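Working notes, structure below.
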């Protein structure tokens, strides 16, 4: 089990994103992304995360794990019943807020900071982090809860991206300058966890079911 310490979640101002994902067959429930906080400032990392996050909502089916004898085992695929809308909040759809808590950036020692004129090198530089773990706080509000003036349901998640051992079987060496963070995989994992929260809140997903987020693994939140 990985343990991720609590990190500061208020890393950026709330942002709304125009547009929507393509409608998935058999997905009658609508959800609006009201805000997504905490993404990195560089545009390439943000685009990787957001593109992967949106893409998950367009998937027709998701891989499920079921709790069996205290072990999570592969289950049947699950039909995605939510379609993501983005922009101004509406009363007759679900609302979704996501706060990302990524590990702080790492500046490699004795290395000159790359110029922003070279987007690829600058993005790789900005992507270096002190660990390959991430915190998420996901808030969902159903249309019924909105009508009754009830607050949303907040669910914290911790995830990590393990590094495979070397070919010799030894433990991976921690880079002196930190890790390159996988923002695309982080976006996919965040999207699946957002859908898990929504499907559980709507009653479609049982307490003994969860969505598979590989290659990410679930980690303790430190709370």
Margin query: With the requirement that a residue be surrounded by fewer than 23 Cβ atoms within 10 Å (Cβ to Cβ), farther than 16 Å from residue 71 by Cα and either in contact (Cβ under 8 Å) with a residue 12 or more places away in the chain or under 10 Å from the mean Cα position of the chain (by Cα) (or both), what does the range 198-212 give you?
Written below: 201, 202, 204, 205
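Output the residue which, of all residues in the range 99-121 that are at pLDDT below 90 and not in a loop (DSSP other than H, G, I, E, B), is surrounded by the most Cβ atoms within 10 Å (Cβ to Cβ).
Checking each candidate, the answer is 105.
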Note to self: Filter the range 42-64 down to the residues that are modelled with pLDDT under 90 and either farther than 25 Å from residue 183 by Cα or in a loop (DSSP other than H, G, I, E, B) (or both) and list them by number.
What the structure shows: 42
Next item on the list: Go through 96, 39, 11, 67 for me and flag whichever is surrounded by 12 or more Cβ atoms within 10 Å (Cβ to Cβ), farther than 21 Å from residue 207 by Cα and at pLDDT 85 or above.
Entry: 39
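I need a count of the residues in the range 69-98 that are touching a residue at least 24 places away in the same chain (Cβ under 8 Å) and part of a strand (DSSP E or B). Don't jump to the end; show me each part of the working.
Applying the first criterion (touching a residue at least 24 places away in the same chain (Cβ under 8 Å)) to the range 69-98 yields 72, 74-75, 78-98.
From what is left, the residues that are part of a strand (DSSP E or B) are 72, 74, 78-79, 82-86, 94-98.
Of the residues in the range 69-98, 14 are touching a residue at least 24 places away in the same chain (Cβ under 8 Å) and part of a strand (DSSP E or B).
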Check: Identify, please: which residue in the range 147-186 is at pLDDT 85 or above, in contact with a helix residue (DSSP H, G or I) (Cβ under 8 Å, 6 or more places away or on another chain) and assigned to a strand (DSSP E or B) and is, among those, farthest from residue 218 (Cα to Cα)?
Finding: 153
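The values are calculated or read from the model by the stated rules, or taken from the named source; none is laboratory data. Since we're looking at a predicted model, the values are computed, not measured. Note: ideal-geometry Cβ built from the backbone for every residue, glycine included; neighbour counts use all protein chains shown.
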